[in-house]
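What follows is a single structure, written as C-alpha cells, with notes after it.
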Amino acid sequence: MARETRKAITDALLDLALENPSRTNFSMTEIAERAGVSRQAIYQKHFRNCGEIVKCLREMTNEDVYTTFQKYNCISGENPFQFFADKILPIFYKKQKLLRCFFTTALDPTWRNYIIDLYSKWEIDIYQRKYTEFHLSNCAMTRMFIESTTSIVEAWICQDEPVSAEIFRTDFLRLVSTPLSNLLVVN
C-alpha cells in the first residue's frame, strides 16, 4: 500500500510538471489532489515537501542506470558506446516519462548538470581517451562526451512517440560514429 501511494504521489508530480512545464514548484495540496491522497498522508508517511519528491524522482531515474554502468568492464575492450546502446538505452526507454519530464520542464532546473556530473564520474573512472590530440582538458573532453550523449538521448526520448530502444540503438551507434559535419547537407 505504501509503495503504491508513493508511486501515485511521484506520478502526480510528473503529470503536473508535464502539464505546466515552466513551473518549478508545486504545492503539496496540488500533488495530494492529483494523487488522490490526503496532504497529511504525504507529510506523515512519504515526503516533507516537493523538493523531496524531486529528489526521489532523481533517484528513480538513476537507480538502474548507475548499477548497470558499474558492470561495464573497460579491460574487456568492449566499446563503451555499444555497452550504452545495449544496456542503458533500454533502461532509459522504460523511464521515458520521467526523463521527458526532467528534459522538458522546469521541475528540476539543476537536473542536467546533476546528470552530467554523475555520469562524468563514471566515464572518468572507466575510459582513457586521446586528450593530447585536442586543446581541451581531460575534464572538458569528458564533459563534451557526456553532454553529446545526453543530447542524443534527449532528442530521442523527448519525441512524442520515441521508437523502442532496440530500434534506436542502431541510430544511436551511427550518431556517435558519424562526424557532425557529415550530418549536414550544405547547399
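Listing for the model above:
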{"read-out": "Scope region 150-166; condition charged (D, E, K, R) and closer than 16 Å to Leu98 by Cα; matching residues", "value": "Glu154, Asp160, Glu161"}
{"read-out": "Positions within region 79-103 being in contact with a Cys (Cβ under 9 Å, 6 or more places away or on another chain) and either part of a loop (DSSP other than H, G, I, E, B) or over 17 Å from Met60 (Cα atoms) (or both), in sequence order", "value": "Pro80"}
{"read-out": "Unmet criterion (only one of (1) aliphatic (A, V, I, L, M); (2) at pLDDT below 90; (3) within 27 Å of Pro162 (Cβ to Cβ); (4) assigned to a loop (DSSP other than H, G, I, E, B)) for Leu118", "value": "(4)"}
{"read-out": "Total residues in region 39-51, condition exposed (fewer than 13 other Cβ atoms within 10 Å of the Cβ) and either at pLDDT 95 or above or part of a loop (DSSP other than H, G, I, E, B) (or both)", "value": "1"}
{"read-out": "Filtered residue count, region 1-38, keeping only those that are in a loop (DSSP other than H, G, I, E, B) and of a type in the set (A, V, I, L, M)", "value": "2"}
{"read-out": "Neighbours by Cβ (under 6 Å, 6+ apart or cross-chain): first from region 152-170, without any contact (Cβ under 8 Å) to a residue 40 or more places away in the chain and closer than 22 Å to Leu180 by Cα; second buried (at least 17 other Cβ atoms within 10 Å of the Cβ) and of a type in the set (A, V, I, L, M)", "value": "Ile152/Leu175"}
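Conditions (1) crowded, with 18+ Cβ neighbours inside 10 Å; (2) within 26 Å of Ala17 (Cβ to Cβ), marked per residue:
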| position | (1), (2) |
| --- | --- |
| Lys55 | no, yes |
| Thr67 | no, yes |
| Lys71 | no, no |
| Glu78 | no, no |
| Asp108 | yes, yes |
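The values are calculated or read from the model by the stated rules, or taken from the named source; none is laboratory data. Because the structure is predicted, anything quoted here is derived from the model rather than measured. Please note: Cβ atoms are built from the backbone with ideal geometry, for glycine as well, and neighbour counts cover all protein chains shown.
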